[in-house]
1. Given the criterion modelled with pLDDT of 95 or more and loosely packed, with under 10 Cβ neighbours inside 10 Å, identify the matching residue among Ser82, Ser46, Ser77.
2. Tell me which strands (runs of 3 or more DSSP E) are completely within segment 9-59 and hold 1 or more residues being near the ligand (Cβ under 9 Å from one of its atoms), or say none if there are none.
3. Cβ-Cβ under 9 Å, sequence separation 6+ or interchain: first residue in segment 10-36 and free of Cβ contacts under 8 Å to residues at least 40 places away in the same chain, partner in a strand (DSSP E or B) and within 8 Å of the ligand (Cβ to nearest atom). Which pairs?
Amino acid sequence: MGATLRVLGSRGNSVCIRCGTFKAEFQAKCPNCSFTPETDAEIAQSRVLGPLYSFALGEDGGTVDTGRADAELQAISFQIRSGKPYEFPSEELAGVLAVYQAVQKDSPRQVWLTMAPLFIGALVVLGGLGYLIYAWPK
Ligand SMILES: [Zn+2]
């Protein structure tokens, strides 16, 4: 899943969902309107207007295909710049959102796994201490 996070943040042409300006990375601050995608929905929308990619999702081998080819991004950029907001396919958007939320959910678990030996160590020490106190001859 760590790989998914890197891919979700992959560099390549992306279009600002607000003003249609091209930027190098979909989560980056727009050089034109200063818009930075922050909510899950904004980040998912921004990823749709980024490089083509097929994300693996879940354990049943399902994939979420998203992103736009460069020529398509050019057209979308032009459309947004001329004042017409891009209509995101709701199914695709929901898929990207699911990938993004799965990636986010995964990170704390990674941290927890790294921390676990420390916690177990502390529990063993505490348990040993408890046993000593319990078994102390009266
Ligand atoms: Zn912008």
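The values are calculated or read from the model by the stated rules, or taken from the named source; none is laboratory data. From a predicted model like this one, the values you see are computed outputs, not experimental measurements. Here the Cβ positions follow ideal geometry from the backbone for every residue, glycine too, while neighbour counts run over all protein chains shown.
1. Testing whether each residue is modelled with pLDDT of 95 or more and loosely packed, with under 10 Cβ neighbours inside 10 Å leaves just Ser82.
2. In segment 9-59, the matching strands (runs of 3 or more DSSP E) lie at 11-15, 22-25.
3. Final answer for the pair search is Lys29/Lys23; Cys30/Lys23; Pro31/Lys23; Asn32/Lys23.
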